[in-house]
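What follows is one structure encoded as structure tokens, with my remarks underneath.
The values are calculated or read from the model by the stated rules, or taken from the named source; none is laboratory data. This structure is a prediction, so every number in the text was calculated from the model and none was measured. Cβ atoms come from the backbone with ideal geometry, glycine included; neighbour counts cover every protein chain shown.
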Amino acid sequence: MSPLSPNEPRSPDGMSDLSRRRFMQVMGASFALATASGCRWEGEEILPFAQRPTGRVPGTTRRFASALDLGGGTIASLLVTSYDGRPIKIEGNPLHPLDAGAASARAQAAILDLYDPDHSSGLVQRHEGADYPRTWKEFDPWFAARMEAARTRGGAGLAVLAAPSSSRTRAALQKRFAAAFPAARWVEWTPVARTNEVEGARLAYGRPLRTHLRIENARTLVCLDADPIGEHPAALANARAFARRRNPEAETMLRTWAVESTPTLSGAAADHRLALRAEQIQPLIQALEHRVKGILGGSSSGPLSPTGTSPAGGFLAEPRVAQLLESLARELAERRGESLVVAGPRQPGLVHAIVQRLNAVLGNTGRTLVLTEEPDDVPRDPAAALGELVRAMDAGEVTELVVLGGNPVYDAPADLDLRRALRKAPLSIHLGTTRDETARACTWHLPRAHELECFGDARSWDGTLCTIQPLIAPIYERRSEIELVAAMLGAKETARELVRAAVAPDIDDAGWNKVLHDGFVAGSALVPVDAAIMSFDVPAATARALEASVANGRLELVLAPDSKLYDGRGANNAWLQELPDALTQTTWGNAARFSPATARAFGIVDGTLVRLRANGRELVCAAIIVPGNADGSVTLHLGYGRAAAGLVGGLPGEGVESVGFDAYRLRGMNALDGALDLAVELAGGTHALARTTDPHVDDEIGKHGYEERIGELLREATLASWRADPELEAHAPHHPPLESLWEREEPAGARWGMAIDLNSCTGCNACVVACQAENNVPVVGREQVMRGREMHWIRIDRHFLGEEGLERVRFQPITCQHCESAPCEQVCPVAATVHSAEGLNDMIYNRCIGTRYCANNCPFKVRRFNFFNYHKAVERQGAEVQRMIFNPEVTIRARGVMEKCTFCVQRIQAAKIQAKNAGRALKDGEVVPACAQTCPTSAIVFGDLADPASRVSRMRAAPRAYEMLAELNIRPRTSYLARITNPAAEESAHGG
Amino acid sequence: MAGDAHGNAPATASRSWFRPSLVEGDQDFASVTRRVAGVVERPKPPRAWYIAITISGTLTLVLFSLVAYLIATGVGVWGNNAPAFWGWDIVNFVFWVGIAHAGTLISAILFLLRQHWRTSINRAAEAMTLFAVCCAGLYPAIHVGRIWLAYWLFPVPNQMSMWPNFRSPLLWDVFAVSTYATVSALFWYMGLVPDLATLRDRAVTPLKRFLYGFFALGWRGSSRHWHRFERAYLILAALATPLVLSVHSVVSFDFAVSLVPGWHTTIFPPYFVAGAIFSGFAMVVTIMVPARQLFGLKELVTVRHLENMNKVILATGSLVGLAYLTEFFIAWYGGNAYERFAFLNRALGPYSWAYWLMVFCNVVAPQFFWFKRVRTGLLPMVAVAILVNVGMWLERFVIVVISLTRDYLPTSWGHFTPTLVDVFTFAGTFGLFFTLFLLFCRFLPMVAIAEVKTVLPAAHPHAPQGAAGKEHAHA
């Protein structure tokens, strides 16, 4: 029997029943051991840096390429900055073909998880309701023996429940696992799978194929409940291509049409936007395909034909929809080979298949979209395999279950009682980063290494093989998934060897070093394939899909992964929790999204608690009104309401309220994407939503003031009107000539400035997290956000403009404008905010006494005040690991001082020093603030305004550039480039 | 005396050529001394005094505890937020500075204008000024984020070789308020010197004799003393007079110099001064009515005094009303959309209740003083005075909070909700104010004994000794 038989568990703390004599013995031994091997750098010789290792300069940062699997096929290729051996910032890998230096908010926030105090630091065995700390030394021999026993059984009774992975290493290990344990089960489950899209390819082409968007080749983009620039495995690359094609100065400009159930980033960026329930997309695409075929076949006019398979009537007959369909069909037919239709991940496979067929008919396939083989094994029915495993566990067929990552107890369909099934398994081992819901339901919890602590690999969307390399030895004794599977197999290779063998078996050491340096294997992208469309049946649209309905019991529920927490994995990440949702500006929680009309029908206001009944289950959650949401459709995002996320995301068992509402409780095995039988009733009471920069104004006077000024603050024009009036004079406020009392001296040297192109900004929030990581911006928590005390140095204002039903969504990133005649500087009584010679509006933290007058006088309200000591939690003893996250180049601000965007002055200085050491002048583009660095669409450009050739100078000189509130004579150094929309010609224009 | 006669022709020539006496009852020099010094010399104050000081003392302790909590925790214990980086802290500061205006106005300006009716109320009003300045000065000191560095506001030599920023209105504020506090304290103390000597001479215990004597600075009442005293008093009055006008003008610069819509208006200095006098007089009325009842000073602080103050309240209240109208006119006439919105938002936005309550309290309520019965009735005048105090607090709230919560970018608009700490800190400042005032009433002469004697009929050179005083006292 194993040495760790539960018959002899130790006391939980392992010490409490020690006698004094025994204690002295133990401690004596510990002290002796501590001097001998008291560090975690096992197997490495520690030598003083008497001779500096090559390439190492003390006090400078080093950068390493790595990668991160964000789930759902999204692989972030990273360049991680390390300071004195500790990773402090994640950026995108500039060499990578897809990410090209950008990183999403989620990818960048992952660095906070590395230092999360809830990140498991040791093994825990659970026995009869009590937890016992264990070590790997105890676990390893026992586990090896247990696996050996399983091997002799051929693996019978052994099961592995893993999250899907694109790792080749794991695939190789999985093969060896299957050989070693032929009778064992290997089940994969993830709550958000790409099932529909692959199913569509199966229908359309007869085999699973992966669709790669080539928006750069398109002139028309149609998003059908899809968000290719927001929720897509290649969202960063798509957004970059999208923004390039949206350049109004270029010859042609992309036109975007979006039909969606709830506003998304793509919908916000679209020129024409129509809100329809998700279930209405199918009749719409059928009608569109029919009409396009009709036009291509010669019938260039006439109403939508009711014949054939095309649905008609219902919402399709509404003038707004019919007009949109007609002009869209004409445009698609006209721009053959230059258009692109995309369906969203929660649309059924059939819609994806029709979209594939339509793209093929339009000649887009091979031009604006490219097909490759699907390298991942995407299951047709992901819940079925999990259901079968649960059945086997209930039947007692599983004696040993190993859960490799993921959190199935939390995110499994609600009709599978995995928790109960786990109790039936005598041994269940969970490898995970935190003691989450699954860890607490298993008999063992093993701490899983963060991606920055271990070797691994991942395949990015285009197929490029990315390597994951450790930047730091595991802070605690944590192991990766690869290491655990290798241990199950009794493999002797290290993770590094396994990865190299799987990713680049035929490469020499130099080549391997280059792979690690670059972060990926060059030229490993998937090869495009040709495929012919097969015929498939399209059932007639249901009558209910055609009707407008806000009737109870016939509402539509959409369950979507969250833009921040995704499937729940980000729940304990405070940066993500405090990041305002792009569309609702909500932090610290989710809420069911209702359209204004639907909300009125049920008497719902923001924050009303509603009871949602669907799939035979119910959930009480908060509601939020989202203009631009489809009537009769309710969207709720997954990932919230965690029962055991940690001190950030919720740990009700230990008195930490869980954040948000658990949408998984409405999810059934056959209804992963939502339900059509949703009933809503008021649950009584309200739940306060923590929203940040919400311009919602309930009163008439506020609305009036808002509408009166927004056109000046956020300038936009249609392409046609902009060409007629390139300076956008119509939007400029009238004011007397701006004069100064003083002669202005322009000192020699740089004049730093910024330009933000509103046409390129998609509202993705990446800059907000980049700034937070770079500048040690604290997190303040839900209550403080509700008091309006969030600390973000850059914020993205979101506006819903236009009348109800025709809402336009607009984003505007706002940070310190570094006014040359800064109102904040004049009023500070202690001269704590002053101008630098290079035009920066500097904030001197140790001079500031916190009168807050500067913030009152800031017309942009970008200044942030430390109302409390927001770093209290990391100042205490025992928070040494949490403190490792800080960027040493940026001061940690004390309580009672003001802070704000510095234009990343530390980066300016670093670049200047570098240039000076090299004895040359600074080049344009050498100084890149964190926000500009990570912007996937390069909407934020920074540089020297004194250099007329710099990019920022040219942008500032562009006709559509304007400075916000310049009429106050504050002379902002930040310019905005007006947003230019490209709607279809006036006679057919509609939908915004 | 002469000033009175010039300004106010005698209404009833048949009685006498000079106007009715400023004190009532059968008062002579000795009785005034007895009456006023008696308050201080009573072995025990009235029971109401004990009750009052228990309440106010408790509130003072609450104030000190909350200030300690604030210093230990951070400004976040208040409701201040973004965009309302200032909230009740500055509202209360301006409120108390406003209250602090009456004392010096009564002492200095009315002195220079020879308004002799001021004599029996100036002492208490000046004391109120000082105590209100204490409450006011507390807020700017504790509202800063790093209270322990608040002394950086002063131009003290330091190792950083840093001057404060002389362009900042907050710095002007520091000078204005501290100068005002200093001059008010000097003025008040100087006026006290002869009366302290009176108390010293009447003191029965050695300790009292020593303390009063110490602060009486060796006053013997010689002609030379009186001569220098009166010269110095006049000079200080002349110095204090511009301060009355300057201090609230400078406070108003905090707002007027900024570019927040609703703050950035040139009308603020006169409008603030009028408002300050308005609120200061209202506070004097609020306090003097119960105080004269409580300490038996009805004959020295007469209804006529109160009525005069009510007239000032009526005048300044109307001025404030005019300022409100002017603001709206300029907001419309100036053509600045942000400013126009700021004022429409005051009247019609989410805080419109505060605005209209303010208009009622500050503009409508004082109009009742057109009626003599309201002007001279104790209860009605106290009711109106309290309404004015509420209204003037609301005015500061309207200016500070409503303007800040909706400035330029709609996305940074917000709401302000005070916390309990805000509320109890404010209540605590009232505790401090009343505690100081009650202690003042108990230990110092509430009425300027020496000055009142000069307005007694007996002091008039033309008065038949004693008779005229009696006659007119009954008139």
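Annotations
- Complete set of residues in segment A:826-877 that are among the aliphatic types (A, V, I, L, M), in contact with a Gly (Cβ under 7 Å, 6 or more places away or on another chain) and more than 12 Å from chain B (Cβ to nearest Cβ): A:837
- Test: residue in segment A:562-576 that is at negative phi, of a type in the set (Phe, Trp, Tyr) and out of contact with any helix residue (DSSP H, G or I) (no Cβ under 6 Å at 6 or more places or on another chain): no
- Condition met for residue B:380 (surrounded by fewer than 19 Cβ atoms within 10 Å (Cβ to Cβ), in contact with a Phe, Trp or Tyr (Cβ under 9 Å, 6 or more places away or on another chain) and under 25 Å from residue B:66 (Cα atoms)): no
- Index of the failed condition, residue A:914 passing every other in (1) more than 18 Å from residue A:794 (Cβ to Cβ); (2) assigned to a loop (DSSP other than H, G, I, E, B): (2)
- So residue B:201, is it part of a helix (DSSP H, G or I) and in contact with a Pro (Cβ under 7 Å, 6 or more places away or on another chain): no
- Residue within segment A:670-692 that is in contact with a Pro (Cβ under 6 Å, 6 or more places away or on another chain), within 14 Å of chain B (Cβ to nearest Cβ) and under 30 Å from residue A:556 (Cβ atoms) present: yes
- Under the condition of being touching a helix residue (DSSP H, G or I) at 6+ places or on another chain (Cβ under 7 Å) and either of a type in the set (Asp, Glu) or over 14 Å from residue A:283 (Cα atoms) (or both), the residues counted in segment A:307-325 number 1.
- Subset of segment B:408-432 [touching a helix residue (DSSP H, G or I) at 6+ places or on another chain (Cβ under 8 Å) and outside any helix (DSSP H, G or I)]: B:408, B:409, B:413, B:414, B:415, B:416, B:418, B:419
Residues are listed down the side, and each one gets a yes or a no for (1) assigned to a loop (DSSP other than H, G, I, E, B); (2) away from chain B (no Cβ under 13 Å); (3) surrounded by fewer than 23 Cβ atoms within 10 Å (Cβ to Cβ):
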| site | (1), (2), (3) |
| --- | --- |
| A:790 | yes, no, no |
| A:793 | yes, no, no |
| A:798 | no, no, no |
| A:803 | yes, yes, yes |
| A:806 | yes, yes, yes |
| A:809 | no, yes, no |
| A:818 | yes, yes, no |
| A:821 | yes, no, yes |
| A:824 | no, no, no |
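- Residue match in segment A:959-974 (condition: among the aromatic types (Phe, Trp, Tyr), closer than 20 Å to residue A:749 by Cβ and under 32 Å from the mean Cα position of the chain (by Cα)): no
- In segment A:693-722, the residue that is nearest to the other protein chains (Cβ to nearest Cβ) out of those that are assigned to a loop (DSSP other than H, G, I, E, B) and surrounded by fewer than 16 Cβ atoms within 10 Å (Cβ to Cβ) is A:699.
- Subset of segment A:587-606 that is over 15 Å from the mean Cα position of the chain (by Cα) and in a strand (DSSP E or B) - its residue that is farthest from residue A:649 (Cα to Cα): A:594
- Filter pass, residue A:181 being crowded, with 20+ Cβ neighbours inside 10 Å, in contact with a Ser or Thr (Cβ under 9 Å, 6 or more places away or on another chain) and of a type in the set (Phe, Trp, Tyr): no
- Considering A:636, A:609, the condition of being under 20 Å from the mean Cα position of the chain (by Cα), in a strand (DSSP E or B) and in contact (Cβ under 8 Å) with a residue 12 or more places away in the chain is satisfied by A:636 alone.
- Some residue of segment A:752-766 being farther than 30 Å from residue A:895 by Cβ, assigned to a strand (DSSP E or B) and among the charged types (D, E, K, R): yes
- Within the span defined as segment B:350-362, one or more residues are more than 28 Å from the chain's Cα centre (by Cα) and under 30 Å from residue B:142 (Cβ atoms).
- Residues of segment A:879-924 classified as within 28 Å of residue A:955 (Cα to Cα) and in contact with a Cys (Cβ under 6 Å, 6 or more places away or on another chain), total: 2
- Evaluating residue A:112 against the criteria (1) crowded, with 22+ Cβ neighbours inside 10 Å; (2) farther than 20 Å from residue A:422 by Cβ; (3) over 24 Å from the mean Cα position of the chain (by Cα) leaves one unmet condition, (3).
- Against the list (1) surrounded by 24 or more Cβ atoms within 10 Å (Cβ to Cβ); (2) of a type outside the set (Val, Ile, Thr); (3) out of contact with any strand residue (DSSP E or B) (no Cβ under 7 Å at 6 or more places or on another chain); (4) within 14 Å of chain A (Cβ to nearest Cβ), the condition residue B:135 fails is (4).
- Residue among B:199, B:217, B:207, B:245 that is modelled with pLDDT under 90 and more than 14 Å from every other protein chain (Cβ to nearest Cβ): B:245
- Taking segment A:83-202 and the strands (runs of 3 or more DSSP E) fully enclosed by it, the elements with 1 or more residues that are modelled with pLDDT under 90 and out of contact with any strand residue (DSSP E or B) (no Cβ under 9 Å at 6 or more places or on another chain) are at A:86-92, A:123-127, A:130-134.
Conditions (1) more than 14 Å from chain A (Cβ to nearest Cβ); (2) crowded, with 24+ Cβ neighbours inside 10 Å; (3) small (Gly, Ala, Ser); (4) farther than 16 Å from residue B:90 by Cβ, marked per residue:
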residue: B:249; (1), (2), (3), (4): yes, no, yes, yes
residue: B:253; (1), (2), (3), (4): no, no, no, no
residue: B:256; (1), (2), (3), (4): no, no, yes, no
residue: B:259; (1), (2), (3), (4): no, no, no, yes
residue: B:263; (1), (2), (3), (4): no, no, no, no
residue: B:267; (1), (2), (3), (4): yes, no, no, yes
residue: B:272; (1), (2), (3), (4): yes, yes, no, no
residue: B:276; (1), (2), (3), (4): yes, yes, yes, no
residue: B:285; (1), (2), (3), (4): yes, yes, no, yes
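- Positions within segment A:883-895 being closer than 26 Å to residue B:82 by Cβ and in contact with a Phe, Trp or Tyr (Cβ under 8 Å, 6 or more places away or on another chain), in sequence order: A:885, A:887, A:891, A:892, A:893, A:894, A:895
- For segment B:149-173, taking the residues that are more than 7 Å from chain A (Cβ to nearest Cβ) and touching a residue at least 12 places away in the same chain (Cβ under 8 Å), the one that is surrounded by the fewest Cβ atoms within 10 Å (Cβ to Cβ) is identified as B:154.
- Among the helices (runs of 4 or more DSSP H) confined to segment B:36-108, the ones with at least 2 residues that are in contact with a His (Cβ under 8 Å, 6 or more places away or on another chain) and modelled with pLDDT of 90 or more are located at B:88-99.
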